[in-house]
Amino acid sequence: MFSLGIIGKLFNKGKLNEDSFLNYYEDVLVSKDGLVVILIDMQQFFIEVLKRKDKKRIIANQIFIIRWCAQKNIPMVVLEYEGCGKTINALTKELKRIKDLKTISKPHDNGFYNTELDYILNKIGAKNLFLMGINASVCVKSTAEGAIGKGFNIITSNDVIAGSYDGNNSIPWYKKNGIVISTKDSIRV
């Protein structure tokens, strides 16, 4: 896995080191038609219960993916649980680079329930959803289940999700129901 320091090495004056990225995520993600990245519940309310190493890991990796989305014009949707504040500043700063960005407030764990998420995704031609965020075993998983029920394919990685209360990332469930980009192929700089 990589940290913020490694992310810095992967970007040269704001430009992605594509050779490193090709060996990791891009091989999987670029081949997916209708790719949309969804960032789920990265709000201080949820992040504060993460272990320090999990917090650093997922935020650094999410920044990496956000920067890649900005360079490749990949649309993103940010889901924020109602009443739990806004997405943390470190990510909000990076999200300003995204040309096609939607933010949706959600009243339930499942981002599809009682929101306009399905409408927005269909409007932009989404087929494959790369899910990032917390809580991997509750909100991210409920949104993934909603996505599958709506006919979308799901993709995630242990590098960009974390379990907030119990540390459970539900990776076996994600492998059974979608694609999990393996951390065995982590970037070496």
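Just so it is clear, none of the values below were taken in a lab; they were calculated from the coordinates. Values in this document were obtained by computation on a predicted structure and should not be read as measured data. Glycine gets a Cβ as well: all are built from the backbone with ideal geometry, and neighbour counts include every protein chain shown.
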Cα centroid of region 139-155 to Cα centroid of region 80-129, whole Å: 14 Å
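Which of the three applies to region 127-176, rounded, prolate or oblate, going by the alpha-carbon gyration tensor with a ≥ b ≥ c and a/c under 1.5 meaning rounded?
Taking the square roots of the gyration eigenvalues as a ≥ b ≥ c, region 127-176 is prolate.
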Cβ charges +1 (Lys, Arg) and -1 (Asp, Glu), total dipole of region 91-155, debye: 300 debye
Shape category assigned to region 32-189 from the gyration tensor of Cα positions, a/c cut at 1.5: rounded
